[in-house]
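Contents: one structure, followed by commentary.
What follows is calculated from the coordinates using simple rules that are stated; it is not laboratory data. Everything numeric in this text was worked out from a predicted model, so none of it was measured. Quick reminder, even Gly has a Cβ in these numbers, built from the backbone with ideal geometry, and neighbours come from all protein chains shown.
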């Protein structure tokens, strides 16, 4: 008596409809153990996520989970329901961090389908979801939109009415929350003398350092977040895939690039919002990640704190000081891995 | 002045006698750090070992150490005294989990020799031990029997009177303890709608997903448990061994196979007893583990909770949907890694 | 508008002057997560750093951070300011551990330049620094001297007056602090019956076991300590370097060699002082570390506790029972990785 139906087949394009709400499984309690592992896997050195004393002096409730770490956890929960049969992870938008996640907090995750559009080939479609993370008190800690290309189960199934959500290009600075009072910020301990006032719109920053990613490392990090997408773990199954090997979870690229960005942006460690993001090309084990940033905008948030809108670009196996990005036709240069647009809090002088 | 005698030479077959009690070294305090690492190394997603809130709502005292994690720790302590000179780890039986291990608890380990039998070649013998784990209050948290083939120190040493212990083929369901009141179990958060009532004896479940194991990963996991068996760590020393390379600790296989079993058995995350287990063939770095399960038996434990007796079979580099196991002559099929028989708690409808 | 100047270029030889004090960035709170990770990365089994119950019974305040772990963290903080442009890490001296570091403590780090000497080639110079680690109460937890060879920025820059500090060859036993009352030390749980009284000056101990280090492992460990030296992480950048590949952080070698030394020195787990140390040759991923120790001296510290002065020698890919060290001309034998001289506390009989 054989049965396969008790395992999760994932959702296909036909399974999604606008307005559908999905409660994701495996709520996760984040602890000091997760903080140590996130540091060990990414090289995170931002002072407010490294030292409890620094964090408190900088107006935070204590040593919080890095918002980007919490983002990977919330994202990971959504994978079995949203992207198990995904062909591609197309983009992020309107990501907002509302409340700090403290060690001991438990994250629950829910997604709502907000858009759906079949592709003209009739084989795949795009699904937009808003995924929201809640803590154990039911408070919303974060929310973001992502869209993925998902396989249809049967090409002959009817084509749904397309619904394409209207997404903001950028989270308005006026809506940024969760930035602390930064008047007691210690620049020496944070590792940089550069404040909000020192950065200019249009300025590019070379983050210099590189980090090579091994198979063991991305697998450990991805399991830490309970992201279960098969392409990251199954070397045997991937042998016959398009690339012939395991793909590294894009969140690994974001977190390592952000950790590299410490070198040049050490005071801008707190992510306040994700405006946009796309994984331009895949990363494989043995590749080395480098990163550069561009200041896209600036906004005053309070007397002590400003926000930088930053484009974080990750490249592989090349000097980030070349600032590789797009050509005039909008085509990404070779070796660009990630194009990520976000707001970060930074102290004023 | 050179001296080697202060290092541990391990015990040989002649060193064991029935009734001998061995207090194992390096008691270990397990913390939230261990919980995070166990998740990151194995992919553990069972909700009661992932979320403190879920655990409490499901009748447990909080976020406990996964019993299988605690098993590896207790097992690991016994290695320097029991299996440092072992040729093979032959089997497990009569494993019982009595009390939850909470973060902050310290595990102490003692083994008693309960059987001994020299092999006819005169070079090796089999030793049966019952290993028991205690917490810092002296309470027994678990107990299991394992037997190993151990080298004799001198072939000419006398052959002891054989004592072969009478071991139960299965832990009787009536003796299973530690299962919580599962009336408030949340299926959506746990990740599966299938309860005790939905599983049938004889049913086989394909767990679908695969996980490739790297050298770094099994070494980190095995050190986490303080298991020191040389074959897992010493590539230089293993070059001239039978396989020419490092062997992966069998506990790594059990834990990864169990984590894969989430996909199809998400509500059956709490191991209550180990009935039997054997490591059918060795796993090496780069191999991909898949798993399938068979329901061997069912037992009602309370109004809210039942037990499934499950056979967990791990295979390597092949589709687990083929349900590879044994041929008619009882010989295991190629690629079978693990044959593991256990009881798990599962909510009733 | 491109700018690289906001990233840290590191200090060159010309940037250092005697008396200069440098406050290092990224204070780090150490937690139970760090303890679990340190165990998982190094194989640490010393009972007082494994079990909270054992530690308390052995006169310690609880489960502390292994002093060697704290040393790597304090060292790591100093890297961006002291050794980012270093050619070689030449040695350690006068390392003292004053206070235990408990989970929850935050380490801050300051270095003072105490010596400076240009090399005759005019291209490099030696810089001596005393690095001190403080906890969140401002108490000094450790202090050590290290010296590094650093590149000059411009060969034509003037040569400073040389200042070579007077360093003790050994930390005097009378100045060792922090050793607990060891009267209730449990030898069975610690894993060895050998006390202070059983070790003789001149005795050599073969630690037998080997541990192979993978790229993922040394990268994870080095990030755990927030040590950012590029040579450990950047495979792409290292392709054109002298060795053509990543170098493993020397602290990884010290910690693994010390963990291997458990087998023969299980009761001597608490490091009290670092007398001297040098990294004799580099370790690369795939190499296997073995270790042996020599008792250099003994000192009575109290009625219950003595100290062993130990030379810890790490070798690679060879039998540590050969006790490879130096030839008559003082030249190290092939395969010697580490020559490390320290004091450890050990119970008296």
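Here are the numbers:
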| quantity | calculated |
| --- | --- |
| Spin-label pair residue C:245/residue C:348, simplified geometry with 7 Å Cα→Cβ offset, distance in nm | 4.9 nm |
| Kirkwood Rh and Cα Rg combined as Rg over Rh, evaluated for segment C:282-349 | 1.09 |
| Sites residue A:284 and residue B:164, calculated FRET efficiency, Cβ-Cβ separation with R0 51 Å, nearest 0.05 | 0.45 |
| Residue B:334-residue B:87 FRET efficiency (beta carbon distance; Förster radius 25 Å; 0.05 resolution) | 0.65 |
| FRET efficiency, 1/(1 + (r/R0)^6) with R0 45 Å, evaluated for residue C:323 and residue C:181 via beta carbons | 0.85 |
| Space enclosed by the convex hull of the alpha-carbon atoms of chain B, per residue, Å³ | 151 Å³ |
| Distance between segment A:282-323 and segment A:5-51 - C-alpha centres, whole angstrom | 23 Å |
| Quotient of C-alpha Rg and 2.2 N^0.38 Å, computed over segment A:171-349 | 1.10 |
| Projected area averaged over orientations for segment B:152-216, convex hull of C-alpha atoms, nm² | 11.4 nm² |
| Inter-copy label distances at residue C:303 (7 Å, Cα→Cβ; nm, one decimal) | 6.1, 6.1 |
| Helical mean residue ellipticity (222 nm; -39500 (n - 2.57) per DSSP H run of 4+; nearest 500) of the protein assembly as shown | -5000 deg cm²/dmol |
| Packing-based exposure ordering (other Cβ within 10 Å, fewest first) of C:194, A:325 | A:325, C:194 |
| Estimated D of segment C:28-69 in µm² per second, where Rh is the Kirkwood radius over Cα pairs and Stokes-Einstein applies at 10 °C, 1.306 mPa s | 153 µm²/s |
| Label geometry 7 Å along the beta-carbon vector: residue A:278 inter-copy distances in nm | 5.7, 5.7 |
| Fluctuation leader among C:165, C:80, C:180 - chain C, Gaussian network, Cα springs under 10 angstrom | C:165 |
| For chain B: relative contact order, % (alpha-carbon pairs under 8 angstrom, 6 or more apart) | 19 percent |
| Residues A:197, C:327, sorted so that the one with the fewest Cβ neighbours within 10 Å comes first | C:327, A:197 |
| Span per principal axis, largest first, for the Cα atoms of the protein assembly as shown (Å) | 85, 83, 45 |
| Between segment B:90-155 and segment C:186-254, the alpha-carbon center distance in angstrom | 31 Å |
| Among B:192, B:241, B:50: highest mean-square fluctuation, GNM of chain B, C-alpha pairs under 10 Å | B:241 |
| Label distances, nm, residue C:170 versus same residue in remaining copies, Cβ-directed 7 Å point | 6.6, 6.6 |
| GNM result for chain C, Cα springs below 10 Å: residue of C:55, C:257, C:25 fluctuating most strongly | C:25 |
| Binned Cα-Cα distance frequencies in segment B:18-96 - 5 Å width, integer % | 3, 12, 19, 20, 17, 13, 9, 6, 2, 0 |
| Degrees separating the helix B:215-224 axis from the principal Cα axis of chain B, which is the longest one | 90 degrees |
| Ascending count of other beta-carbon atoms within 10 Å, so fewest first, for A:236, A:24 | A:236, A:24 |
